[in-house]
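This report concerns only the one structure given below.
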Amino acid sequence: MQIQVLGSGCPTCKKLFELTKQAVEELGLKTEVEYITDIQKIVEMGVMSSPVLAINGKPAISGFLPDVEKIKETIKKFI
Amino acid sequence: MDIFYPIQLFSDWITFDIFNIEATTHLGVSVNFFIYDSLKIIFLLLIINYFMAIVRHYLPIEKLRNFLASRKWFGLDYFFASAFGTITPFCSCSSIPLFIGFIEAGIPLGVTLSFLITSPLVNQVAVVLFAGLFGWKITILYVISAMFLGIFGGFILGKLKLEKYVADYVWQIKSKKDENASIKIPFRDLIKTFWQEGWALTKKIIPYVLLGIAIGAAIHGYVPAGFFENYIKADNIFAVPISAIVAVPMYANAVGVIPIMQSLVEKGIPLGTAMAFMMAVVGLSLPEALILKRVMKIKLLVYFFGITTINIIIIGYLFNAFVK
């Protein structure tokens, strides 16, 4: 599974990256969370609000900062 | 009857009975004001953020963009872009992907700018704060002004043919279409999702709201009525432009500025002057300029800020002249 956090480098995006790492750790997954600040990548995904949590290259959560539980739930759907 | 009356009773009880502060002291007035306003606004925020999470789910920005890009609108698109700007939540982190996303979909530059101007000025949180502190009449006038700012500003910028000042790489980006909403969520789960989203947002802004209300409450209790009139004469012709221009480089979220602004108005600062200040703080800022610099060449940026500032000044004068 590929997990990415995409953002323009704003505080909210960084926070989502931190929370996602925490969620992955708590779920005991071996996946590395990738943090992408390249705007082109975000737009190429067809999303227009950041931050974005993308799983397997597709946006799963975008535009707001969820809590860890929500991130875990979202990731679990792809396991 | 005022539906917030129970909240007033509760804050009176806390301030005067539990804390045992005299109602006539500066401290008593400030504390009472703080408790009442915070409770009222947090209550309103919880409701509106829940509601907006629903709207956001059914009307994501990607859908609004596709609507705008779907056909020629002959000028109506400025209105739509600005109206969409009022209902979408906006974080400055999104302004770049938004800008590129709109341009890439073939939406004219002026229309895109209409959206960018209105969006930070009006969102559900700003509306709640305005309504809670100033009442509905001024809230509606504010929303109309912000839309005017977006429509008119975007229209002028569109007529100036500034497309060549958009960063070149923006025109080359191509996005994949219809990749969104990969998971279908059952309705029962949606209700929970809306709540989580709404709560996440409310939680995030509560500290700013409380800080803004605390400063507002201090002004409310300690600054004598009419205090500012000695310094800013209501008929001083330069007050509006000075407030707006001073505010352009500054940045603060609408959430923190509105309660402070309300207390200043109450103590004698003319509404239009305060409004010009607030719009310039919230709508334009140095950080925003630095972010937009990544997609706009300097000339476009200067036009964008210049025309928006001039329009804000006009709105300030109109409010001072017509709204009492």
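No value in this document is a laboratory result; all are computed from the given coordinates. This structure is a prediction, so every number in the text was calculated from the model and none was measured. In this analysis, Cβ positions are derived from the backbone assuming ideal geometry, glycine residues included, and neighbour counts consider all displayed protein chains.
Helix hunt in chain B: which complete DSSP H runs extend at least 30 Å axially by C-alpha with mean Kyte-Doolittle at least 0.0? Within chain B the helices that satisfy the rule are B:26-58, B:136-159, B:187-222, B:298-322.
For B:Lys293, a cut-off of 16 angstrom between C-alpha atoms picks up these lysines, skipping any fewer than 8 places away in its own chain: B:Lys164.
Positive contributions from Lys and Arg (+1) and negative ones from Asp and Glu (-1), summed over other residues with Cβ under 12 Å from the Cβ of B:Ser70, come out at +3. Per residue, the average separation of C-alpha pairs within less than 8 Å and at least 6 apart gives chain B a relative contact order of 21 percent. Just checking the listed ones, B:Leu46, B:Leu113, B:Leu284: in the Gaussian network model of chain B with Cα springs under 10 Å, the one fluctuating most is B:Leu46. Counting Cβ atoms of other protein chains within 10 Å of each Cβ in B:270-280 and taking the mean gives 0. Once region B:33-93 is represented by equal point scatterers at the alpha-carbon sites, with solvent omitted, what log10 I(q)/I(0) does the Debye formula produce at q = 0.25, 0.28 Å⁻¹? With no solvent term, the Cα-only Debye profile gives -1.05, -1.14. Per-residue 3J(HN,Hα) values for region A:66-79, derived from phi via the Karplus relation 6.51 cos²θ - 1.76 cosθ + 1.60 with θ = phi - 60°, read x, 8, 4, 4, 5, 5, 4, 4, 5, 5, 4, 4, 9, 6 Hz in sequence order (x marks Gly and Pro). Taken over the alpha carbons of chain A as equal point scatterers, the Debye sum produces base-10 log I(q)/I(0) values at 0.14 Å⁻¹ of -0.36. For the segment B:97-107, counting C-beta atoms of other chains within 10 Å of every residue's C-beta and taking the mean gives 4.
Let me check I have the definition right: for the protein assembly as shown, take the eigenvalues of the Cα gyration tensor, multiply each by 5, take square roots. What are those semi-axes in whole Å, largest first? Don't skip to the end; give the middle numbers.
Numbers: eigenvalues 270, 171, 58 Å².
Taking √(5λ) for each eigenvalue gives 37, 29, 17 Å, largest first.
The alpha carbon radius of gyration of region B:250-324, expressed as a multiple of 2.2 N^0.38 Å, is 1.22.
Inverting the mean 1/r over all pairs of different Cα atoms, compute the Kirkwood radius of chain B and quote it in Å.
Evaluated over chain B, this radius sits at 21.1 Å.
Within a straight-line Cα-Cα reach of under 28 Å, A:Lys21 can be paired with the following lysines, leaving aside sequence neighbours fewer than 8 residues apart in one chain: A:Lys30, A:Lys41, A:Lys58, A:Lys70, A:Lys72, A:Lys76, A:Lys77, B:Lys176, B:Lys184, B:Lys192, B:Lys203, B:Lys204. The chymotrypsin sites (Phe, Trp or Tyr not before Pro) of region B:1-77 meeting both criteria, a DSSP state outside H, G, I, E and B (loop) and at most 11 other C-beta atoms within 10 angstrom of the site's C-beta, are B:Phe74. In percent, rounded to a whole number, the relative contact order of region B:28-127 is 34, using alpha-carbon pairs under 8 Å and six or more apart. Within chain A, which is the longest segment that contains none of the trypsin sites (Lys or Arg not before Pro) sitting in a DSSP loop with at most 13 other Cβ atoms within 10 Å? Longest stretch, sites excluded: A:31-76. The Cα atoms of region B:1-134 give a gyration tensor whose axes a ≥ b ≥ c have a/c of 1.5 or more with a/b greater than b/c, which makes the shape prolate.
Taking each residue in A:51-64, count the Cβ atoms of any other chain within 10 Å of its Cβ, then average. What number comes out? Before the final figure, lay out each step's value.
Details: counts 3, 2, 0, 2, 2, 1, 3, 6, 5, 3, 2, 6, 11, 10.
Partner-chain Cβ atoms within 10 Å, mean over residues of A:51-64: 4.
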